[in-house]
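To start, the structure itself, in structure tokens.
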Amino acid sequence: MFDLIDFKAVLVIALIFIPLEQLLPLHGEQSVTRRHWLNDVFYLLFNGIVIKFGMLLVIGVAMLLIERFVPVGLTAAVQSQPVWLQAIEALLIADIGFYLAHRAFHAVPFLWRFHAIHHSIEEMDWLAAHRVHPVDQILTKSASFVPLFALGFSAEAVLIYVLIYQWQSVFIHSNTRIGFRPLKWLIASPQFHHWHHANERQAFDKNFAAQLPFLDLIAGTLFMPPRMPEKYGVDQPVPQLYHQQFVHPFVAAAEPVAPIGEATPAAKPD
Ligand SMILES: [Zn+2]
């Protein structure tokens with residue numbers, strides 16, 4: 001049974017990223033205790049519990065539905081490969097799943113209500129990475145994991161992917177100016193993902209991949225100019241506290257839609 005809250009991992013991540021953001025800050029004026037940081041600590045500690053149970057349910061049901069359609073020869077071929085090759089393939093397949101789900105969460109107004117919680121981040125840092133609505137995270141992560149389990153990737157290969165994903169997802173949100181200049185098309189960096197969160201019209205609906213920017217390059221959704229964003233977030237109102245953010249997408253979805261022509265706040269940047 002997995003730990004509901006992995007306090008050791010939380011401590012290690014904090015002890016690495018807090019000093020790193022002080023040593024190599026992107027926005028040097030930003031404080032460790034910036035606005036809403038305590039709310040994001042709550043996400044860091046407790047949101048994972050909801051996500052883990054949700055993922056078990058969604059992935060379990062999805063596997064029951066699709067497992068019988070996957071040819072045995074295919075899973076045998078996947079498992080016959082060395083672990084390092086499986087890990088590379090798992091990373092690629094999982095990030096394609098992530099890209100598609102993430103793009104859907106931007107494109108479909110009902111899904112955007114959940115993803116807007118993550119995009120309400122106005123000061124990017126390692127802690128802000130954890131502000132994700134459980135529905136958003138459960139479905140997006142399931143889109144990454146279901147193909148890996150369906151194709152029969154080994155536990156070791158999936159674990160390597162999970163470790164890379166966990167560290168990189170914190171890193172790409174962090175307030176650091178670390179870049180991968182020659183490899184910036186291959187490995188997602190703060191430069192790549194900060195632009196995804198930028199509140200600038202030309203950056204809206206860009207950089208959907210979690211780890212592999214070339215997926216956006218191929219799909220025509222890459223945006224990485226040689227500067228960094230000044231402003232992050234969304235213009236639409238998003239409540240500030242965890243319990244409010246949890247119910248907000250459901251309540252907003254239940255509100256009657258105003259007739260065309262009447263003032264309706266933009267559901268998403270477009
Ligand atoms: Zn997004």
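For the stretch 196-234, how many residues are at pLDDT below 95 and in a helix (DSSP H, G or I)?
Qualifying residue count, the stretch 196-234: 3.
For residues that are assigned to a helix (DSSP H, G or I) and more than 16 Å from the ligand (Cβ to nearest atom), tally how many sit in the stretch 171-190. First the steps, then the outcome.
Initially, the stretch 171-190 is screened for residues assigned to a helix (DSSP H, G or I), giving 171-173, 181-183, 190.
Then keep just the ones that are more than 16 Å from the ligand (Cβ to nearest atom); that gives 171, 181-183.
The total comes to 4.
Taking the condition of being more than 15 Å from the ligand (Cβ to nearest atom), buried (at least 24 other Cβ atoms within 10 Å of the Cβ) and assigned to a helix (DSSP H, G or I), how many residues in the stretch 113-144 meet it? Talk me through it step by step, then tell me what you get.
The initial filter retains those residues of the stretch 113-144 that are more than 15 Å from the ligand (Cβ to nearest atom), namely 123, 125-127, 134, 138, 142.
Now drop any that are not buried (at least 24 other Cβ atoms within 10 Å of the Cβ), which leaves 125-127.
Right, trim to assigned to a helix (DSSP H, G or I) and you get none.
Counting residues in the stretch 113-144 that are more than 15 Å from the ligand (Cβ to nearest atom), buried (at least 24 other Cβ atoms within 10 Å of the Cβ) and assigned to a helix (DSSP H, G or I) gives 0.
State whether one or more residues within the stretch 230-242 are closer than 19 Å to Ile96 by Cβ and among the small types (Gly, Ala, Ser). Show your work before the answer.
Pass one, the stretch 230-242, residues closer than 19 Å to Ile96 by Cβ: none.
No - not one qualifying residue is present in the stretch 230-242.
Among the numbered criteria (1) within 18 Å of Tyr242 (Cα to Cα); (2) buried (at least 21 other Cβ atoms within 10 Å of the Cβ); (3) more than 13 Å from the ligand (Cβ to nearest atom); (4) of a type in the set (A, V, I, L, M, F, W, C), which one does Phe42 miss?
Condition (2) is where Phe42 drops out.
Between residues in the stretch 49-73 that are of a type in the set (Lys, Arg) and residues that are surrounded by fewer than 13 Cβ atoms within 10 Å (Cβ to Cβ), which pairs lie under 9 Å by C-beta distance while being six or more apart or on different chains?
Filtered contacts from the stretch 49-73: Lys52/Phe2; Lys52/Leu4.
The values are calculated or read from the model by the stated rules, or taken from the named source; none is laboratory data. This is a predicted model, so every value here is computed, not measured. Methodologically, a virtual Cβ is constructed for each residue, glycine included, from the backbone with ideal geometry; neighbour enumeration extends over all protein chains shown.
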